[in-house]
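These notes concern the structure reproduced below.
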Amino acid sequence: MNKKEAMDKSIQLCQERINQVDAKLKDQSLSNLQRTMYESEKTIATEELAKIQAAK
């Protein structure tokens, strides 16, 4: 796997992670702690995605 393929795969994984977290955040029965945890996870994934895209 070359560098471009690896970066494309990383971008795809980050986007999937963000989509999964978005789906979980739609659940109305989440506690405040769970909601905060998922929002933090989404922020981290979004920052990772931005870094990868900037390096690309």
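The values are calculated or read from the model by the stated rules, or taken from the named source; none is laboratory data. What you see is a predicted model, and the numbers here were worked out from it, not measured in a lab. No Cβ is skipped: glycine too gets one built from the backbone with ideal geometry, and neighbour counts run over all protein chains shown. Accessible surface is based on the protein model in full, side chains and every heavy atom, while ligands, DNA and RNA are left aside. Shrake-Rupley method; radii C 1.70, N 1.55, O 1.52, S 1.80 Å.
The residue of region 23-34 that is surrounded by the fewest Cβ atoms within 10 Å (Cβ to Cβ), among those that are out of contact with any helix residue (DSSP H, G or I) (no Cβ under 7 Å at 6 or more places or on another chain) and under 22 Å from residue 49 (Cα atoms), is 26. Within this structure, residue 16 passes the test of being part of a helix (DSSP H, G or I), open to solvent by 70 Å² or more (accessible area, probe 1.4 Å) and of a type outside the set (Val, Ile, Thr).
Within region 42-56, residues that are open to solvent by 90 Å² or more (accessible area, probe 1.4 Å) sit with their Cβ atoms under 6 Å from residues that are in a helix (DSSP H, G or I), at 6+ positions apart or across chains, in these pairs: 56/7.
The set of residues in region 19-41 that are in a helix (DSSP H, G or I) and not charged (D, E, K, R) comprises 19, 20, 21, 23, 25, 32, 33, 34, 36, 37, 38, 40.
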